[in-house]
Every structure is written in structure tokens, then in C-alpha cells.
1. With the requirement that a residue be modelled with pLDDT under 85, more than 17 Å from residue 130 (Cα to Cα) and in a helix (DSSP H, G or I), what does region 52-93 give you?
2. Of the numbered conditions (1) within 21 Å of residue 55 (Cα to Cα); (2) modelled with pLDDT of 80 or more; (3) surrounded by fewer than 18 Cβ atoms within 10 Å (Cβ to Cβ), residue 172 satisfies every one except a single condition; which is it?
3. Of the residues that make up region 103-111, is at least one modelled with pLDDT under 65, within 22 Å of residue 32 (Cα to Cα) and touching a helix residue (DSSP H, G or I) at 6+ places or on another chain (Cβ under 7 Å)?
4. Only one residue in 10, 61, 50, 41 is touching a residue at least 60 places away in the same chain (Cβ under 8 Å) and more than 18 Å from residue 205 (Cα to Cα), so which one is that?
5. With respect to residue 45, determine if the residue is assigned to a helix (DSSP H, G or I), under 18 Å from residue 173 (Cα atoms) and over 15 Å from the mean Cα position of the chain (by Cα).
6. So residue 86 fits all but one of (1) surrounded by 15 or more Cβ atoms within 10 Å (Cβ to Cβ); (2) over 19 Å from residue 155 (Cβ atoms); what number is the exception?
């Protein structure tokens, strides 16, 4: 794979992984669809959920872009790595899924809920290694003393590619569960991917600590 393509491939994979996690919204959309007995309700719920996820990703990407102007990249790497490490440990030992959202929700409610969930689960922080690594793809290999510079269109493209991948995977899973599994999957306890998700956070933290960018 060409060096300039790896960030986009990584964003697609991360988007699919975020979409796979039921905590990112697809299970909630299925529950709404089953409650309303409507296939359309499932997919209508996924759109604001994807929007909230995109806003969370965009906030982190924009923050890193702004901070990179004045903060040495090595500080950004280690700072984000420490936050990810702390979040992973918290989710392993104390993490709980928020339950404050009811089933009577509108577009704004779903968007806000998705934004909070994506942020609380560290989804935005997961894209930091990809974002910081883009300096090698788009700017050439830079010394630590030189800050990366990402074009705004690349930033928009990054968020769009990630969100579309997230939406596709969420929609695929929601459709399968709604059409095939139905209430059977909702009678069980929460589909617990916390261990795998926390492991992903740990891997991302390690990448920020040890992988040259």
C-alpha cells in the first residue's frame, strides 16, 4: 500500500470497528425500530447517531490540529496516550454504559446522545495516531521540532471517510439484527464488548507511545 493511502485505510477500519460496537448506537436504533415496529425507524435513528459520532471525531481532530500549531508533537502524542491509557483502565474496572436516554427521542436527542457516547468511549482519541501520522504522508517525514500541517480538506475528508464507514457497519448490523434476531438479542444482557474495546484503547495508547510519526 502506498504510504499516502494508509491513513485512509486506517480510518475506514476504525470507522467499521466503531460501527461494530453496540455502544456506538446500532443496538439503540434496533430497539427504537422494534418499539415502533418500523424498519424505517431503525435507519432514521442511525443518521443522527452517525452525525453525533462525526461531531465527536471532528472535535478531537480540530483540537489536535489547533494544538499542533504551538504544542510539540511529542507532547501531543504522550498526552493523548496517557489519556487513552487512563480511559482504558477506567473502562476495564469501573466503566458503565449511560442509561439516561429514554425511548422517546428526536433527532437532536439522538445526536447529543451519540456525541456523548463516542466522546466518553474515547472514539475521538482513537483517530489521533492516524491524524498525527498524516504528517509523514502529506508533508513528508518531519523532525520532531517541525509541526504537522494538515489541509482543511483532508481534515473534512478524514471525518467523512470515518463516518461513512461507521454508518455502513452500523446500518448493516442493525438491519441484520432487526430482520433476523429481533427481540431475542434484546432479551439478553448488554452485548459486552468492553474488554475488546478497552484493549483497542490500550493498543492505540501504545502506538502513540512507541510508533514513530
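The values are calculated or read from the model by the stated rules, or taken from the named source; none is laboratory data. What you see is a predicted model, and the numbers here were worked out from it, not measured in a lab. Cβ: placed from backbone, ideal geometry, glycine included. Neighbour counts: every protein chain shown.
1. Matches in region 52-93: 69, 70, 87, 88, 89, 90, 91, 92, 93.
2. (1)
3. yes
4. Every option except 50 fails the conditions.
5. Judged against the criteria, residue 45 is a match.
6. For residue 86, the exception is condition (1).
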